[in-house]
Amino acid sequence: MKILNDYVLIIKNKIFKPIMIGGMGVDISTEELALGAAKLGGIGHISDAMCPYVCDKRLGTHFQTKKRQQFVEKVRSGLVNFAKWDYNETYEASKRYVHNVMSKKIGNGDIFINIMEKLTMGDSLTTLKARICGALDGGIDGITLSAGLHNSSLKLFEDHPRFRDVLLGTIVSSVRALKIFIRSAKRVDRLPDYIVVEGPLAGGHLGFDLDWKNFDLKTILKEVLDYLKEEGIKIPVIPGGGIFTGKDAVDYMELGASAVQVATRFTIAKECGLPEEAKQAYLQAEESDIEVNCSSPTGYLMRMLKNSPSLASNTKPNCESLGYLMDDKGYCAYKEAYDKAPVNQKGEKFPIKDKMCICTHFMKCACYTCGYYTYRLKETTIKLLNGKYYIPPMEDIFNDYLFTADGSITLPVLDDKKVCAVAY
Ligand SMILES: Cc1cc2nc3c(=O)[nH]c(=O)nc-3n(C[C@H](O)[C@H](O)[C@H](O)COP(=O)(O)O)c2cc1C
């Protein structure tokens, strides 16, 4: 019986274990998780979502607070309509954050950064360019372009000296989206080095509408592989979304995948950036506790736990310091919903049910976005006597994918002290 470790992923001339841990913003796929994947010979992602905030939190910089100081008075006195991110500050935050992560990298694997087009930051193309160039100058191994068609993203950095040597990938959820990206890539003569095909069971934002149940990853993967074959293009294709066991992964490799992109299994890892209470909430979840909703102001659907603290809250938008989701005109769907929401007798806003303040809630780790199989996470670890679940190191999860053959899951091994606390 084959195991995932029997395969290798080759991108350009580099050889990896065929596991890519997907980017999870904001700082859910932490540097510790990404560094762990690289050390084990795979590929880990950091995320550039709200990078100035993450850089401040991790490195003690002041990018976000400085923006607030610069803008709060100007916005209040009507001198400007809304607070914009500055190119240089955005660039510098990305560069410093990435450089710090890359300086710690050991092992034969790589660290990539997930860069979402939908993170418009008040000036979409300018800030996207700053984020990409900052990551390149910080020494990132690879860039995965996500959450958008990225029709004009490559053009933004075609003059950068690393344009051709950085490993470059895109995430698509359909062959149609891939065709659009390939067309724009051909215009700058720079095809991607890998393609992630994300199906409807993934976590985070989804590239599907409310009829997501009508789609399945294996069919989309086949369509993508057929299209690339027809076009005579040889690029590794990496499916993701609902690949929960080593056997699931092997099944995809047999269909022609070059590796798998996985995330949900790692949301409960020790190195994952979610706080303990969120990890335990994921572990306690049943299938009926998970929904796909329209609360994200990006306009994309998002899968999350129904008890996510981000839902039905009346958080006041804090766009002078945050504002990561504002478009080029200063519009954010949550801000609009907040402004329109009625107030109670005390003058407080009623909870806003259909949209969430994504910046604030991701900053507080209070948006419990998750993959479809989150309700199965409890099968992957051990329940302790106190009713909580054991939080395993990422290495155990990584090795379970690589070495477990038959669709089962190898539970983490606890040391003697912890075994005393185990219920069964
Ligand atoms: C908690 C969480 C946050 C995520 N955040 C992002 C993100 O910021 N950007 C992105 O492109 N994908 C994001 N994803 C999608 C993953 O990178 C990955 O492609 C997908 O979840 C893989 O499916 P799986 O979770 O079933 O293994 C997220 C997934 C999870 C579970």
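Laboratory data are not the source of any read-out in this text; all were calculated from the coordinates shown. Only a predicted model underlies this, so the values are computations on that prediction, with no experimental measurement involved. FYI the Cβ positions are ideal-geometry reconstructions off the backbone, even for glycines, and counts take in every protein chain you see.
Annotations for the structure displayed:
- With the convex hull drawn over the C-alpha atoms of region 347-409, the volume per residue is 165 Å³.
- Point-charge dipole on Cβ atoms (K/R +1, D/E -1) for region 71-173, about Cα centre, debye to 20: 180
- Working note: Cα gyration tensor of the chain, eigenvalues times five, square-rooted, sorted largest first, giving semi-axes of 32, 28, 21 Å.
- Gap separating the Cα centres of region 141-214 and region 307-385, nearest whole Å: 26
- Charge dipole (region 266-424, unit charges on Cβ, about Cα centre) - positive-most of CYS370, GLN284, ASN344: ASN344
- Think of each Lys and Arg Cβ as +1 and each Asp and Glu Cβ as -1; about the Cα centre, that makes the dipole of the chain roughly 800 debye.
- Highest to lowest packing among 279-287, 228-236, scored as the average C-beta count within 10 Å: 279-287, 228-236
- Length-normalised contact order of region 254-342 in % [C-alpha pairs under 8 Å, at least 6 apart]: 17
- Counted by Cβ distance under 14 Å from ASN108, the other residues give a net charge of +2, where Lys and Arg count +1 and Asp and Glu count -1.
- Once the convex hull of all Cα atoms in region 100-186 is built, its volume per residue stands at 103 Å³.
- As an equivalent ellipsoid, region 304-416 spans semi-axes of 40, 17, 12 angstrom, where each value is the square root of five times an eigenvalue of the C-alpha gyration tensor, largest first.
- Assuming charge only on the beta carbon of Lys and Arg (+1) and of Asp and Glu (-1), the dipole of region 181-331 about its Cα centre is about 320 debye to the nearest 20.
- Relative contact order for the chain, counting Cα pairs under 8 Å that sit 6 or more residues apart, in percent: 18
- For the chain, built as a Gaussian network whose Cα springs stay under 10 Å, the top-fluctuating residue of LEU402, LEU191, LEU79: LEU79
- Distribution of pairwise C-alpha distances over region 59-115, 5 Å bins, in %: 4, 15, 20, 17, 14, 11, 8, 5, 3, 2, 1
- Legend: ranking of residues LEU4, LEU217 from fewest to most surrounding C-beta atoms inside 10 Å; resulting order LEU217, LEU4.
- The calculated P(r) of region 16-93, using every Cα pair and 10 Å bins from 0, goes 18, 35, 26, 14, 6, 1 in percent.
- Ellipsoid fit via the Cα gyration tensor, region 123-174: semi-axes of 17, 14, 10 Å, each the root of five times an eigenvalue, largest first.
- Toward the positive end of the charge dipole of the chain, with +1 on the Cβ of Lys and Arg and -1 on the Cβ of Asp and Glu, the farthest Cα among GLY273, SER152, ILE195 is that of SER152.
- Just so you know, the Rg over Rh for region 81-237 is 0.98, from Cα atoms, with Rh as the Kirkwood radius.
- Seen from all directions on average, region 18-157 presents a Cα convex hull projection of 8.4 nm².
- Percent of Cα-Cα distances greater than 21 Å, calculated over region 233-309: 45
- Over region 228-293, Cα pairs under 8 Å with separation of 6+ residues give a relative contact order of 24 percent.
- Here is what passes the span test in the chain: the DSSP H helices with alpha carbon length of 15 Å or more along the helix axis and a Kyte-Doolittle mean of 0.5 or above are 124-137.
- Share antiparallel - DSSP beta bridges, the chain, percent rounded to 5: 35
- Peptides 238-245, 252-259 ranked from most to least packed by the mean count of surrounding Cβ atoms within 10 Å: 238-245, 252-259.
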